[in-house]
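*Asks:* Here it is: the structure, laid out below.
The values are calculated or read from the model by the stated rules, or taken from the named source; none is laboratory data. Just so we're clear, the structure is a prediction, and the values are computed from it rather than from any experiment. No Cβ is skipped: glycine too gets one built from the backbone with ideal geometry, and neighbour counts run over all protein chains shown.
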Amino acid sequence: MKHILRLGFVGCGDIARWMAVFARLNRGIHLVACHDAVVERADTFARRFRIPRSYRSYSEMLDQEAMDAVYLAVPHHLHYSMAADAIRVGLSVLVEKPLARTLAEGREIVQLAQKQDVSIGVNFQYRYDAGCYALAHSVQQGELGQIYYARCNVPWHRDEAYFHSSWRARLDQAGGGTLITQGSHALDAVLWALGRRPVAASGHVAQRRFQLVEIEDLAQGTVELEDGALVQFSSSMAASPEQAIRIEVYGSRGTAIYSDRPLPHVRFRGVRVQRARSPHWGVHALQRSLEGFRAWVMEGVPYLIPAREALPVLAVVEAVYRSARSGHSEPVESWTTSESTSM
């Protein structure tokens with residue numbers, strides 16, 4: 001029988017609704033409470049998903065509710081403070097990506113979690129995507145041979161309604177635009193698959209569609225890894241129409257090509273590969289990620305995205321933004337701490 005995770009939801013927007021659906025389908029998760037800055041939204045969320053209590057304040061929820069963990073689906077600038085508050089009272093945390101707005105904030109969260117001995121996971125759910133997982137496993141097992149380079153493309157579309165949540169348009173609150181918000185999914189998956197330390201990055205960002213915001217809607221560039229392999233990336237919220245995410249990995253023995261449409265899948269060329277399966281069952285990557293987090297917190301089963309493993313992509317994103325400002329390649333800052341492990 002599954003060990004029951006008592007989970008509180010913080011933030012009751014779009015992604016939280018999807019996660020609540022999958023939580024309700026999981027017999028190992030009991031939704032015990034929720035909170036949102038908009039009181040009416042929290043109350044509606046609680047009724048819809050049969051959550052016993054909705055709280056007017058986050059601190060009240062932490063003080064009064066018996067929970068094992070909280071799930072944070074809040075604006076980026078709240079990730080650090082809300083995660084830290086939960087950690088200090090001994091709760092585990094599953095936070096939507098990015099872990100934080102900056103690498104410095106991310107490192108502090110990792111250090112605090114290690115000091116308090118609690119589990120902090122980041123919902124980079126593409127690691128639990130069936131196609132991405134099979135691609136990563138083939139690379140990690142050496143089935144493609146020596147990796148020469150990889151490419152990832154996130155040609156997504158957003159319209160003006162996307163910025164009705166005004167924090168998304170503000171650099172100080174979002175931490176950036178399409179690269180940290182959308183492109184980080186594919187970059188994280190590629191860095192995880194290749195397993196090599198990124199050492200330098202160069203890139204450009206632009207505002208091609210949305211001119212009255214402080215963040216970019218297009219980012220492109222290259223990341224150099226410690227073994228000389230290159231990762232090219234493109235991320236957009238201005239593509240029309242929106243198209244599939246695509247990840248390509250080119251090795252000495254063969255090539256892997258991933259796409260998330262019409263359903264997530266990976267094709268291998270030049271090599272026959274035993275396709276690995278994600279470690280948890282589910283119809284969607286979000287469902288598998290949520291079950292992975294539950295199993296980690298309650299049973300000690302390793303989760304694919306502990307917070308320390310979400311630091312490399314933050315370091316790369318920061319290097320790309322610095323490169324866009326300086327006009328030349330920038331070193332990727334070290335993300336390791338005295339207590340955290342290297343990639």
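*Asks:* Considering only strands (runs of 3 or more DSSP E) fully contained in the stretch 39-115, which possess at least 2 residues that are closer than 24 Å to residue 174 by Cβ and not assigned by TED's automatic domain parsing to the domain that holds residue 315?
*Replies:* The qualifying strands (runs of 3 or more DSSP E) are 69-72, 92-95.
*Asks:* Right, something else. Taking the condition more than 23 Å from residue 174 (Cα to Cα) and in contact with a helix residue (DSSP H, G or I) (Cβ under 8 Å, 6 or more places away or on another chain), does residue 334 pass?
*Replies:* Judged against the criteria, residue 334 is not a match.
*Asks:* Another question, then. Any chance you could count how many residues in the stretch 56-85 are more than 14 Å from residue 34 (Cβ to Cβ) and crowded, with 23+ Cβ neighbours inside 10 Å?
*Replies:* Counting residues in the stretch 56-85 that are more than 14 Å from residue 34 (Cβ to Cβ) and crowded, with 23+ Cβ neighbours inside 10 Å gives 3.
*Asks:* Also: Evaluate the following for residue 282: is it out of contact with any strand residue (DSSP E or B) (no Cβ under 9 Å at 6 or more places or on another chain) and within 30 Å of residue 22 (Cα to Cα)?
*Replies:* When the stated conditions are applied, residue 282 passes them.
*Asks:* In the stretch 181-236, what residues are hydroxyl-bearing (Ser, Thr, Tyr) and within 19 Å of the chain's Cα centre (by Cα)?
*Replies:* If the condition is that a residue be hydroxyl-bearing (Ser, Thr, Tyr) and within 19 Å of the chain's Cα centre (by Cα), then 181, 184, 234, 235, 236 are the ones that fit.
*Asks:* Considering the stretch 176-201 alone, what residues qualify as being assigned to a loop (DSSP other than H, G, I, E, B) and either in contact with a Phe, Trp or Tyr (Cβ under 9 Å, 6 or more places away or on another chain) or not assigned by TED's automatic domain parsing to the domain that holds residue 314 (or both)?
*Replies:* Correct list: 176, 177.
*Asks:* On to the next question. So if I check each of 134, 161, which one is among the small types (Gly, Ala, Ser) and surrounded by fewer than 16 Cβ atoms within 10 Å (Cβ to Cβ)?
*Replies:* 161
*Asks:* Within the stretch 145-153, identify whether any single residue is touching a Phe, Trp or Tyr at 6+ places or on another chain (Cβ under 6 Å) and of a type in the set (Ser, Thr, Tyr), and answer yes or no.
*Replies:* Within the stretch 145-153, one or more residues are touching a Phe, Trp or Tyr at 6+ places or on another chain (Cβ under 6 Å) and of a type in the set (Ser, Thr, Tyr).
*Asks:* Return the residues of the stretch 123-138 that are assigned to a helix (DSSP H, G or I) and over 21 Å from residue 271 (Cα atoms); say none if nothing qualifies.
*Replies:* 125, 126, 127, 128
*Asks:* Out of all the residues in the stretch 206-215, is one or more touching a strand residue (DSSP E or B) at 6+ places or on another chain (Cβ under 7 Å), without any contact (Cβ under 8 Å) to a residue 24 or more places away in the chain, outside the structural domain of residue 88 (by TED's automatic domain parsing) and not hydroxyl-bearing (Ser, Thr, Tyr)?
*Replies:* Yes; the residues of the stretch 206-215 include at least one that is touching a strand residue (DSSP E or B) at 6+ places or on another chain (Cβ under 7 Å), without any contact (Cβ under 8 Å) to a residue 24 or more places away in the chain, outside the structural domain of residue 88 (by TED's automatic domain parsing) and not hydroxyl-bearing (Ser, Thr, Tyr).
*Asks:* Now a separate question. Are any residues in the stretch 2-19 more than 19 Å from residue 78 (Cβ to Cβ) and either within 23 Å of the chain's Cα centre (by Cα) or crowded, with 23+ Cβ neighbours inside 10 Å (or both), and if so, which ones?
*Replies:* Across the stretch 2-19, the qualifying residues are 5, 6, 18.
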